[in-house]
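Some notes on the structure that comes next.
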Amino acid sequence: MTDETQRLRVFLVDDHAMFRAGVRAELGVHVDVIGEASGVAEAVQKIGALEPDVVLLDVHMPDGGGRAVLDAMRRARPQVKFLALSVSDAAEDVIGLIRAGARGYVTKTISPDELADAIRRVADGDAVFSPRLAGFVLDAFAARPDAPVADPELDQLTNREREVLRLLARGYAYKEIAKELYISIKTVETHVSNVLRKLQMSNRYELSRWAADRRLV
């Protein structure tokens, strides 16, 4: 168990400065927030240098999101534990982050005391989820108890391609996707073309049906 007299060293990754400031202020009485980052490259560099006990990790960020941070750090710093903290409660986000190596996933509606407790539990090696989200993980493993949670077609897509696909399937226009993800319309078009090529489909309507079948919408 974690020594309660020794404050945990926590690092915060989120692209919204006001949210980071709020979390830092709320958690300051419970843990030491030793650093923060607003994007993937900055997070990877600072986490590697500071080696915190627990990283609070946002899922969706303009430059790749939490999955990219996890992919970069799980071999370089395997001792660092990650707790996803997101506004998203989508099943594919939860499963994707846990598959990538996060030890838990909670939503931003969590109270400061509950978040501090979740951090301590993750540091102690427990898996922590907001109540409804735990069901996604259980359902995913129960669906194929003798096999890992995997979807070869989905796994070939990058994190950003999945984000674009999800919004496309929800009916967003290219311009709206670009605004939502802070990228250019040309970049959206490139991502859609890549997804169509990888999944061997010809139009966005096929992609939407494919995403709906996998509950990505």
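The values are calculated or read from the model by the stated rules, or taken from the named source; none is laboratory data. In this text the structure is predicted, and so the values were computed from the model without any measurement. FYI the Cβ positions are ideal-geometry reconstructions off the backbone, even for glycines, and counts take in every protein chain you see. When the accessible area is computed, the model is the full protein with side chains, heavy atoms only, and any ligands, DNA or RNA have been set aside. Shrake-Rupley method; radii C 1.70, N 1.55, O 1.52, S 1.80 Å.
Summary of computed values
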{"item": "Output for the range 172-181, where each listed residue is among the acidic types (Asp, Glu) and open to solvent by less than 70 Å² (accessible area, probe 1.4 Å)", "result": "none"}
{"item": "Among the candidates Ala37, Ala72, Ala84, Ala43, residue that is open to solvent by less than 60 Å² (accessible area, probe 1.4 Å) and at pLDDT below 90", "result": "Ala72"}
{"item": "Neighbours by Cβ (under 8 Å, 6+ apart or cross-chain): first from the range 18-32, without any contact (Cβ under 8 Å) to a residue 24 or more places away in the chain; second open to solvent by less than 30 Å² (accessible area, probe 1.4 Å) and assigned to a strand (DSSP E or B)", "result": "Arg20/Leu12; Arg24/Leu12; Arg24/Val33"}
{"item": "Filter result for Val13 (out of contact with any Phe, Trp or Tyr (no Cβ under 8 Å at 6 or more places or on another chain) and buried (at least 21 other Cβ atoms within 10 Å of the Cβ))", "result": "yes"}
{"item": "Pairs, first within 17 Å of Asp213 (Cα to Cα) and free of Cβ contacts under 8 Å to residues at least 40 places away in the same chain in the range 89-102, second part of a loop (DSSP other than H, G, I, E, B) and open to solvent by less than 30 Å² (accessible area, probe 1.4 Å), C-beta under 7 Å, six or more apart", "result": "Asp93/Val59"}
{"item": "Within the range 113-128, considering residues that are open to solvent by 20 Å² or more (accessible area, probe 1.4 Å) and touching a Gly at 6+ places or on another chain (Cβ under 8 Å), the one farthest from Gln156 (Cα to Cα)", "result": "Arg121"}
{"item": "Identity of the residue in the range 98-112, charged (D, E, K, R) and assigned to a loop (DSSP other than H, G, I, E, B), that ends up surrounded by the most Cβ atoms within 10 Å (Cβ to Cβ)", "result": "Arg103"}
{"item": "Candidates Pro131, Pro148 - the one that is farther than 21 Å from Ser88 by Cβ, modelled with pLDDT under 90 and loosely packed, with under 14 Cβ neighbours inside 10 Å", "result": "Pro148"}
{"item": "Positions within the range 195-206 being buried (at least 16 other Cβ atoms within 10 Å of the Cβ) and touching a residue at least 40 places away in the same chain (Cβ under 8 Å), in sequence order", "result": "Leu199"}
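Results for (1) of a type outside the set (Lys, Arg); (2) open to solvent by 70 Å² or more (accessible area, probe 1.4 Å); (3) in contact (Cβ under 8 Å) with a residue 12 or more places away in the chain, shown as yes or no for each residue.
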site: Leu157; (1), (2), (3): yes, no, yes
site: Arg160; (1), (2), (3): no, no, yes
site: Arg166; (1), (2), (3): no, no, yes
site: Arg170; (1), (2), (3): no, yes, yes
site: Ile183; (1), (2), (3): yes, no, yes
site: Val192; (1), (2), (3): yes, no, yes
site: Ser208; (1), (2), (3): yes, no, yes
site: Leu216; (1), (2), (3): yes, no, yes
